[in-house]
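Read through the structure below, which is laid out as structure tokens, and then see the notes.
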Amino acid sequence: MNRNVVLTVGLVVAATIGFVVALTLSGPTAPADDAAPVAAPGAVAPAELLVRPDSHLLSTAPDGKVTFVEFLDFECEACRAVFPAVEQLREEYAGRVSFVLRYFPIPSHANAENAAVAVEAAARQGRLEAMYQRMYRTQPEWGEQRESQAGVFRGFAEDLGLDMGAYDRTVAEPATLERVRSDQKDGIALGVEGTPTFFVNGTRLEPRTTDDLRAAIDRALTEAA
């Protein structure tokens, strides 16, 4: 067998195993909430909670018929493990599916909110995607640290060529953290208990593999046709 084919197959298998392990290990890691969840697995979530007018789109489908939403935590190892799969799906369904990012920092992750605030500050300067990707690609370097990694994130912003004065002001504004926490509140109201949590056209998923996500997207596209 051609060596390149062997390597490709190996990478696909490794990615699949990583996806399964990540979703197996990602348990309920968010704080419990007294309100009953309004979107149990398989149920359709209220549109007004799932995607807000100010929600961040990583990819946009012109027809707006199919929307993929992920509640995520940048310090979550499971989120990092499935990040390549989500990026692959974004490429496969470019122009046909909108991919929406919702913040859901886990309280036990010391720098989850700091990371989300840094991504939000980058988004204000049109660099959402670049900072989102940078967070996951560097997570092993700054994750699981008890001390603040805000300086590390500021370095990422400098690397991306952001206006640092504007970045610092945005990070310091209470409204920026509130923007992050508003996503988290929506997630809790929807019954999100851990990350990553996925919705396709409002239906909450319980995927075990990338193919499960792909199948959900394909069904939504067929129904929307």
task: Count the net charge of all other residues whose Cβ sits under 10 Å from the Cβ of S55, scoring Lys and Arg as +1 and Asp and Glu as -1.
output: -1
- prompt: Which value in nm describes the separation of the simple spin-label points at V44 and D211, placed 7 Å from the Cα toward the beta carbon?
  reply: 2.8
field: Per-residue HN-Hα couplings for the stretch 58-71 [Karplus 6.51, -1.76, 1.60; θ = phi - 60°; Hz; x = Gly/Pro]
entry: 7, 9, 10, 9, x, 7, x, 7, 10, 10, 10, 10, 10, 8
task: Between R52 and A175, take the C-beta separation as r, use R0 = 25 Å, and let me know the FRET efficiency to the nearest 0.05.
output: 0.95
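Report the extension gain between E223 and A166 in nm, rounded to one decimal, defined as 0.36 nm multiplied by the number of residues separating them, less their alpha carbon distance.
On the way: separation 57, 0.36 × 57 = 20.52 nm, distance 4.36 nm.
Full extension of this stretch gives 16.2 nm more.
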- request: For an R0 of 45 angstrom, estimate the FRET efficiency from the Cβ-Cβ distance between Q145 and R90 and round to the nearest 0.05.
  value: 0.95
message: With just the Cα atoms defining each centre, how far is the stretch 57-71 from the stretch 89-142? Give it in Å.
response: 15
field: From phi via Karplus (6.51, -1.76, 1.60), per-residue ³J(HN,Hα) for the stretch 150-156 in Hz, x at Gly/Pro
entry: 4, x, 5, 5, 5, x, 4
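Since every read-out is calculated from the coordinates, none of them should be taken as a lab result. All values reported here derive from a predicted model rather than from experimental measurement. Counting neighbours? That spans all protein chains shown, and the Cβs are built from the backbone with ideal geometry, glycine included.
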